[in-house]
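> This is the structure, below, for whatever I ask next.
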Amino acid sequence: MPDVITLRVQTDSDSFQEVVVKIERPTYNKPFLGGFRNLRTGVEFHNAGSQTRCKKRPNKGTQSFCRETQTVWEKNKPQQTRNTTSTQMTKIGLYVSNMTDKLISPGKYFTAEEYHKRRLEAVIVLQKYFRRWHAINVVQNLREQKKLRLAWEAQEESRKKKEKEERLRREYEQKLNPRTKEDFELLYHDLELWMQEETERINRTLTGAERKAALCALLEQEAQLIACFERHKLNASEENQHKAILHLLDKCAQPKRWKAYDGKITEMDTQDTLRARELLEIYRSICMKDIPKDERTDVLLTVRCTVKEHECKLTQEIVELIDREVDLMSREVKECNLEGLRKRICTLFLQYIKIPKVNPQIAGLLKVPQDPLKLYKNVYFCHSCENYLPSTEFLIPANSHTIGRCRSCYELDNEARRRESYLKYRLILENLRKSEADYQDDSKIVFLVQLPDLQYMIENIWNCQSALSAWGELYDLVMVRWDKQREWSPWNTILLTKEEADAHLKLCNLQEAYEAAFIFRIKQKHIRAKNYFAQIPAMSSFLQSSDNQANA
């Protein structure tokens, strides 16, 4: 069929009109609406349908169903058994045995109410047994948890006891064989405690001339003990100085290290590191004692050949001393008479090693810079010992407006007067800086706080005890962040025991975990810390930034 057809339509009895009709091609197949067939002619007739599309019903927003899906279709169909059976009864002329018959009698009838009552009773019985089983399991779990808790508490108590015993034993060893400044701090602190106890006992028990004599005897004992401490300090300083020298030379002799992309460490020896290692071995050999004369002579000759590579006044003096020692050994001079000469050789050879031209690796490790102009930078004058020292040798507290005294003068004043031990505060500060470094969020304030500042915070603001349990053993206390999302600062900290600190850092919401009164007390301590540290100009910028964060 063409797209356009022309129809001739009769408009009147005698008139006709041609109409142009445009054929629209359907985009879908028309549904079959039924029809009929003429039985005589066999022609099929289909029911006609409109050519327009069916109008869609508007969507009402609810799902609807037709009548057919909402009604139930019932169907009755007879079923015939596969085997045809019959039932035969006794009658006249026919006997059917009843030996295998069964007598069925109806049971007791019960109503629906009785039926549901029986079911309810059975459900109650089941619930009883289930609840009993559940209660047994709950009690067993609680018993197991209690057992584990008691075992953990016993283990923690044993661990704390062992740590305390180990700490006391370590302190006793440090006091018996002092080696470091902290060890002598403990000695002087114990001496001050003993002096206070003895002075109190003398004042309580004696009077008059006896009291004065006892105090004089006590003063003499104190002087003897101080002299003994100083002798130990001299010996310890010599050993520590020798260890520091060996550590410095060993650090120069270390090979170059770097980490590859696969995580492996690569080491490389350069010409400078090999030279530093050679000088280290020579220095160790020349410092050895109680060696045979022939070995000592070989060591001296090695040193002589080494220093002759650079001609200067120092090397000439070393060569002269070596020749003198060789000459004295050839004359069978006693070893004890050669100790001073050997010490001079070791000292001069160490000075030779510290020359950057001889040992290039040591140039970056020397405290005194090679450029004299650098000495004028960051150098301050100590009014107590009247020495010019670098800025790192001065301990500047938060409330200080001047440079003040150097570290050695502070330590000397502490040994002479107060005799306090800062070991506990030093441990707390070291643990705090280590924990802040683990956060890796560029914390700065913790490295500005000095030991006197931390001591003031612990003693005056936190009263030397835990904010939660009031535990007063400083060895068990640590400082952590109050709000772990913000940088540590004196106004964002709390003093707790180690166990309490671990639990505190696991909290997500402080307002829900702590009571309002406890939070108010902590905020008051933070305000006191702000008022104290506001005196430092470097802290003012951090104070302003923290206030801006709090307001935000």
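The values are calculated or read from the model by the stated rules, or taken from the named source; none is laboratory data. Just so we're clear, the structure is a prediction, and the values are computed from it rather than from any experiment. Cβ atoms come from the backbone with ideal geometry, glycine included; neighbour counts cover every protein chain shown. Side chains included, ligands, DNA and RNA excluded: accessible areas come from the protein's heavy atoms. Shrake-Rupley method; radii C 1.70, N 1.55, O 1.52, S 1.80 Å.
> Round to the nearest 0.05 the FRET efficiency obtained for residue 519 and residue 464 when R0 = 22 Å and r is the Cβ-Cβ distance. Before the final figure, lay out the partial values.
Values: r = 22 Å, r/R0 = 0.98.
Taking R0 as 22 Å, the efficiency between residue 519 and residue 464 is 0.55.
> If I take R0 = 35 Å and measure r between the Cβ atoms of residue 442 and residue 240 in this structure, what FRET efficiency does the formula 1/(1 + (r/R0)^6) give, to the nearest 0.05?
0.50
> Can you send over the solvent-accessible area of residue 475, 1.4 Å probe, protein chains only, in Å² to the nearest 10?
Using a 1.4 Å probe on the heavy atoms, I get roughly 40 Å².
> Here is a further query. Compute the helix-to-body angle for 271-287: its Cα long axis versus the longest principal axis of the chain, expressed 0 to 90° and rounded to tens.
Between helix and principal axis, roughly 50 degrees.
> Let's see if you can work this out: charge +1 on each Lys and Arg Cβ, -1 on each Asp and Glu Cβ, no other charges. What is the dipole magnitude of the chain about its Cα centre, in debye to the nearest 20? Could the numbers behind the result be given before it?
Numbers: 91 positive and 80 negative charges, 847 e Å.
For this selection, approximately 4060 debye.
> Here is a follow-up. Cross-link list 175/498; 162/498; 162/424: which exceed 20 angstrom alpha carbon to alpha carbon?
Values: 175/498 27 Å; 162/498 16 Å; 162/424 18 Å.
Correct reply: 175/498.
> Between the stretch 1-37 and the stretch 241-317, what's the alpha-carbon centroid distance in Å?
About 116 Å separates the Cα centre of the stretch 1-37 from the one of the stretch 241-317.
> Can you work out the FRET efficiency for the pair residue 160 and residue 290, with r the C-beta to C-beta distance and R0 = 41 Å, to the nearest 0.05?
Working: r = 46 Å, r/R0 = 1.13.
Working from the Cβ atoms, E equals 0.30.
> Between residue 475 and residue 377, what is the label-point separation in nm under the 7 Å Cα-to-beta-carbon projection?
Each label point is offset 7 Å from its Cα along the Cβ direction, giving 4.4 nm.
> If you don't mind, another one. Which percent of the accessible area of the chain is formed by carbon and sulfur heavy atoms (probe 1.4 angstrom)?
Numbers: 22540 of 42460 Å².
Carbon and sulfur: 53 percent of the exposed surface of the chain.
> So, one more: When the helix-only estimate is applied to the chain (DSSP H runs of n ≥ 4, each -39,500 (n - 2.57), divided by the residue count), what is the mean residue ellipticity at 222 nm, nearest 500 deg cm²/dmol? Kindly include the intermediate steps, with their values, before the conclusion.
Numbers: 16 runs with 283 residues, N = 552.
Rounded to the nearest 500, the figure is -17500 deg cm²/dmol.
> Something else about it: Residue 111 to residue 210: extension gain in nm, 0.36 nm per residue of separation minus the Cα-Cα distance?
Working: separation 99, 0.36 × 99 = 35.64 nm, distance 11.10 nm.
Gain on stretching residue 111 to residue 210: 24.5 nm.
> Oh, and also: Please give the peptides 216-222, 323-329 ranked by average Cβ packing (other Cβ atoms within 10 Å per residue), highest first, as a rough proxy for protection. Each step should come with its number before you reach the end.
Details: 216-222: 12.7, 323-329: 14.4.
The peptides rank, most packed first, as 323-329, 216-222.
> For the stretch 268-366, how many pairs of lysine residues have a Cα-Cα distance under 26 Å, where the two are 8 or more positions apart or belong to different chains?
Lysine pairs meeting the criterion: 16.
> Considering only protein heavy atoms, with the full assembly of protein chains and a 1.4 angstrom probe, order 422, 388 by accessible area, largest first.
Working: 422 35, 388 165 Å².
My answer, sorted largest first, is 388, 422.
> Suppose all protein chains stay in the model; what accessible area per residue would a 1.4 Å probe give for the stretch 421-551, in Å²? Could the numbers behind the result be given before it?
Numbers: 6890 Å² over 131 residues.
The answer is 53 Å² per residue.
> Then there is this: Residue 367: which aspartates and glutamates have alpha carbons under 13 Å from its alpha carbon, excluding same-chain residues fewer than 8 sequence positions away?
Straight-distance partners of residue 367: 393.
> Ok, one more. Tell me, in nm to one decimal, what length is gained between residue 392 and residue 125 on full extension, where the rule is 0.36 nm per residue of separation less the Cα-Cα distance? Don't skip to the answer; put the middle values down first.
Numbers: separation 267, 0.36 × 267 = 96.12 nm, distance 8.20 nm.
The span from residue 392 to residue 125 would gain 87.9 nm if fully extended.
> Gain in length, residue 344 to residue 149, computed as 0.36 nm per residue apart minus the alpha-carbon separation, to one decimal in nm? Walk me through the numbers before you get to the answer.
Working: separation 195, 0.36 × 195 = 70.20 nm, distance 6.53 nm.
63.7 nm is the gain from fully extending residue 344 to residue 149.
> Taking a probe of 1.4 Å, how large is the accessible area per residue of the stretch 268-366, in Å²? Mind dumping the intermediate values first?
Values: 5820 Å² over 99 residues.
Counting only protein heavy atoms, the per-residue value for the stretch 268-366 is 59 Å².
> Could you state the accessible area per residue of the stretch 181-251 in Å², with a 1.4 Å probe and every protein chain left in place? Kindly include the intermediate steps, with their values, before the conclusion.
Working: 4730 Å² over 71 residues.
Result: 67 Å² of accessible area for each residue.
> Taking the Cα centre of the stretch 268-366 as the origin, how large is its charge dipole in debye, to the nearest 20, when only Lys and Arg (+1) and Asp and Glu (-1) carry charge on their Cβ atoms? Can you show the working numbers first?
Working: 17 positive and 18 negative charges, 64 e Å.
Roughly 300 debye, rounded to the nearest 20.
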